Amino acid sequence: MERGAPDFSKEKRKAKIFEWRAEELKGRVRDLQEKSSTDALTGLLNRRAFEQKVNAILEGFKRERRGDTGLESVSLLIVDIDRFKSINDTFGHPAGDEVLRSVAAVLKKHIERSSDIVGRLGGEEFAIGMVNPNGAVSGRAEAIRADIETSVQRPDGEPVTASIGIAETATSLNFNWLYEQADAALYHAKKAGRNRVEATPLTEAA
């Protein structure tokens, strides 16, 4: 190589190192984004991420007419573990954490389509969002309720149960409205004796 001539091989190595570092940085950013949207205990979406995904789906009703988007309805299921505080108080928080993880595993098992989403809203409250459930949402909710009762146990062998509230909309309403409706249905499920499914009527588009 002539003295003073540029060392292209050295420049290529520098470019390659820069490329590797850029990819490493992108990977770290992806990891941070995933951690910021994931509940650490269960691995499900946290409330913020779940709410964002539901609102993004509902935005589809605003952008185009229903017939054009293929969106017919969105359902929200709130799944709340019955008498969870007594599990923590009687057996300790590690036992309660194990119950939460077990319930999360049951919910993930019932995610049938890529459009379905599941998250932990906080404490013993979980949620599932379903797009175009085609009227089958109550049956799916009942299957989830029954699966929790038969699959999840307290440390003393007693079954863990859950109550489920359902809201369904065919309009462009937001997550907060849908949550309030599902929460009202959940209240009725608890008041009626727990370990049951209750639903509010479908809200049709105007």
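The values are calculated or read from the model by the stated rules, or taken from the named source; none is laboratory data. Because the structure is a prediction, the values reported are computed rather than measured. Reconstructed Cβ throughout: ideal geometry from the backbone, glycine too, with neighbour counts over all protein chains shown.
To keep it simple, each residue is scored yes or no on (1) without any contact (Cβ under 8 Å) to a residue 12 or more places away in the chain; (2) surrounded by 15 or more Cβ atoms within 10 Å (Cβ to Cβ); (3) within 25 Å of E59 (Cα to Cα).
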site: D97; (1), (2), (3): no, no, no
site: L100; (1), (2), (3): no, yes, no
site: V103; (1), (2), (3): no, yes, no
site: V106; (1), (2), (3): no, yes, no
site: S114; (1), (2), (3): yes, no, yes
site: V118; (1), (2), (3): no, yes, yes
site: E124; (1), (2), (3): no, yes, no
site: G129; (1), (2), (3): no, yes, yes
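Total residues in segment 41-80 satisfying the condition of being modelled with pLDDT of 95 or more and not in a helix (DSSP H, G or I): the figure is 11. For R113, the test of being closer than 18 Å to E168 by Cα and in contact with a His (Cβ under 7 Å, 6 or more places away or on another chain) is failed.
Scanning segment 133-177 for residues that are buried (at least 21 other Cβ atoms within 10 Å of the Cβ) and acidic (D, E) yields a single hit, E168. Looking at segment 155-200, which of its residues are in a loop (DSSP other than H, G, I, E, B), in contact with a strand residue (DSSP E or B) (Cβ under 6 Å, 6 or more places away or on another chain) and without any contact (Cβ under 8 Å) to a residue 40 or more places away in the chain? Correct list: T200 only. Beta carbons closer than 8 Å, at least 6 apart along the sequence or on distinct chains, pair a first residue in segment 53-64 that is under 13 Å from D116 (Cα atoms) with a second that is aliphatic (A, V, I, L, M) and modelled with pLDDT of 75 or more for K53/L45; K53/I117; V54/V74; V54/L76; V54/I117; V54/L178; I57/V74; I57/V131.
Might you check whether a residue that is at negative phi, of a type in the set (A, V, I, L, M, F, W, C), touching a helix residue (DSSP H, G or I) at 6+ places or on another chain (Cβ under 9 Å) and assigned to a helix (DSSP H, G or I) occurs anywhere in segment 125-142? Don't jump to the end; show me each part of the working.
Pass one, segment 125-142, residues at negative phi: 125-131, 133, 136-142.
With the extra rule that they be of a type in the set (A, V, I, L, M, F, W, C), the set shrinks to 126-128, 130-131, 136-137, 141.
Checking the rest, the ones that are also touching a helix residue (DSSP H, G or I) at 6+ places or on another chain (Cβ under 9 Å) come to 126-128, 130-131.
When the remaining residues are screened for being assigned to a helix (DSSP H, G or I), the result is none.
No: segment 125-142 contains no residue that is at negative phi, of a type in the set (A, V, I, L, M, F, W, C), touching a helix residue (DSSP H, G or I) at 6+ places or on another chain (Cβ under 9 Å) and assigned to a helix (DSSP H, G or I).
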